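The values are calculated or read from the model by the stated rules, or taken from the named source; none is laboratory data. Just so it is clear, the structure is predicted and the values come from calculations on it, not from any experiment. Reconstructed Cβ throughout: ideal geometry from the backbone, glycine too, with neighbour counts over all protein chains shown.
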Amino acid sequence: MILYKLLFSNDGKILGIQGIGESGVEKRVDVIATIMRNNGTVQDMIDAELCYAPPYSSAKDPVNILGMSADNILKGLVKPAYFEDLKDAVVIDVRPNVIYKMGTIDGAINIPIAEIRKRLNEIPKDKKVILSCNTGYTSYCAARILAQKGFNNVYSFMGGYELYKVFISNKINLKDTL
């Protein structure tokens with residue numbers, strides 16, 4: 001598991017990158033740093049041709065995927081939500097129920113993406129709604145579905161439950177040390 005935080009301006013210029021994880025983090029950070037050094041943009045990340053081996057990775061490198069995610073935000077196709085946004089929102093976990101039961105964001109309700117079109121009446125239109133999944137992809141898809149159904153208060157939780165667990169474990173460790 002690797003998590004990235006990409007900073008970019010409204011015109012798509014890359015301002016910074018952070019990554020946490022194990023093998024491969026430094027490679028992607030180096031690639032993005034090189035793009036940044038050349039005054040590159042999110043589009044340059046999308047267009048980057050990077051080496052891959054089919055048994056080990058897909059044709060779209062995490063650098064490309066990160067660029068696509070940033071581009072979706074810039075184009076307004078998805079609204080990002082972050083850890084600090086969870087406090088005053090209705091949080092909906094869009095993962096299958098069996099995975100939801102293994103752990104979720106505190107207070108989240110479960111509406112699996114496969115059921116979301118049938119359960120629109122359970123989603124408030126007058127409150128901020130943050131969708132969550134494991135890493136952000138499924139919540140992005142769910143946010144797009146809801147946007148097409150007329151919801152404009154829907155956000156996708158960047159990093160998903162995997163990032164949430166990091167925040168929560170660090171908060172608990174911080175409390176233990178005080």
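Pairs are defined by a Cβ separation below 7 Å, a sequence spacing of at least 6 or placement on different chains, a first member in region 146-172 that is at positive phi, and a second member that is outside any helix (DSSP H, G or I) and modelled with pLDDT of 90 or more; the pairs so defined are Gly160/Ser132; Gly160/Cys133; Gly160/Asn134. Residues that are closer than 15 Å to Ser69 by Cα and modelled with pLDDT under 85 within region 3-27 comprise just one, Leu3.
Among the listed residues Thr104, Thr41, identify the single one that is of a type in the set (Val, Ile, Thr) and within 20 Å of Met1 (Cβ to Cβ). Steps first, please.
Details: Thr41 fails: within 20 Å of Met1 (Cβ to Cβ).
Result: Thr104 is the single residue among Thr104, Thr41 that is of a type in the set (Val, Ile, Thr) and within 20 Å of Met1 (Cβ to Cβ).
Beta carbons closer than 9 Å, at least 6 apart along the sequence or on distinct chains, pair a first residue in region 3-22 that is part of a loop (DSSP other than H, G, I, E, B) with a second that is loosely packed, with under 12 Cβ neighbours inside 10 Å for Ser9/Leu15; Gly21/Met1; Glu22/Met1. Of the residues in region 49-60, at least one is surrounded by fewer than 17 Cβ atoms within 10 Å (Cβ to Cβ), under 21 Å from Val25 (Cα atoms) and touching a helix residue (DSSP H, G or I) at 6+ places or on another chain (Cβ under 7 Å). Those helices (runs of 4 or more DSSP H) of region 82-178 in which at least 2 residues are under 27 Å from Ile20 (Cα atoms), at pLDDT below 90 and of a type in the set (D, E, K, R), considering only elements entirely within it, cover 160-177.
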